[in-house]
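The values are calculated or read from the model by the stated rules, or taken from the named source; none is laboratory data. Model, not experiment: these values are computed from the prediction. Cβ: placed from backbone, ideal geometry, glycine included. Neighbour counts: every protein chain shown. In case anyone asks, the SASA skips ligands and DNA or RNA and just uses the protein heavy atoms, side chains included. Shrake-Rupley method; radii C 1.70, N 1.55, O 1.52, S 1.80 Å.
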Amino acid sequence: MKIVIANDHGAVALKQHIVAWLKAQGHEVVNLGVDVEERVDYPDQAELAVQEYLKGGYDFGIVCCGTGIGISIAANKHKGIRCALIHDSYTARMAKEHNNANFVAFGGRVEYVEPVEQILSVYINAQFEGGRHTQRVAKLDALC
């Protein structure tokens, strides 16, 4: 898979961990995030990731900030982006199966009960169910 990722200063270590894991799994990762903890604004980082994703050729995007909340809100302001703030394997699976999320968000200051790699693996391996969810996703896309 080809994945774009971006982060702010609140998720440097988490982003680096995710990138290393994804590459070890054989995925191509385009890293637009920062690698130092000097302040940057999460809306700008979300914008970078979204604009790159919208060029085409990506399977999905990942955005990270301190909590994952702000950067997911920023990503969702863009037409065609369905960013899910996922916390565990269940929310990761539902994000794909029911919402066909094309972005996921994580928080660098969040203590996850499950390893982030496990959560991402569930998301990557899940499939959109379609059916009744297709109409709902279309309604989401029509909101922007």
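Please go through the range 120-134 and pick out each residue that is assigned to a loop (DSSP other than H, G, I, E, B) and open to solvent by 40 Å² or more (accessible area, probe 1.4 Å).
Residues satisfying the conditions are Q127, F128, E129, G131.
Given the criterion surrounded by 15 or more Cβ atoms within 10 Å (Cβ to Cβ), in contact with a Cys (Cβ under 9 Å, 6 or more places away or on another chain) and over 23 Å from N99 (Cα atoms), identify the matching residue among G61, G33, G66.
Residue meeting the stated conditions: G33.
Of the conditions (1) in a loop (DSSP other than H, G, I, E, B); (2) under 23 Å from V12 (Cβ atoms); (3) touching a residue at least 12 places away in the same chain (Cβ under 8 Å); (4) of a type outside the set (K, R), E117 satisfies every one except a single condition; which number is it?
So E117 meets the others, but not (1).
Kindly indicate the residue of the range 135-144 that is touching a residue at least 12 places away in the same chain (Cβ under 8 Å) and of a type in the set (D, E, K, R) and also least open to solvent (accessible area, probe 1.4 Å) among those meeting that condition.
If we take residues in the range 135-144 being touching a residue at least 12 places away in the same chain (Cβ under 8 Å) and of a type in the set (D, E, K, R), then D141 is least open to solvent (accessible area, probe 1.4 Å).
Residues that are aliphatic (A, V, I, L, M) and touching a residue at least 24 places away in the same chain (Cβ under 8 Å): which strands (runs of 3 or more DSSP E) entirely in the range 1-109 hold 3 or more of them?
2-7
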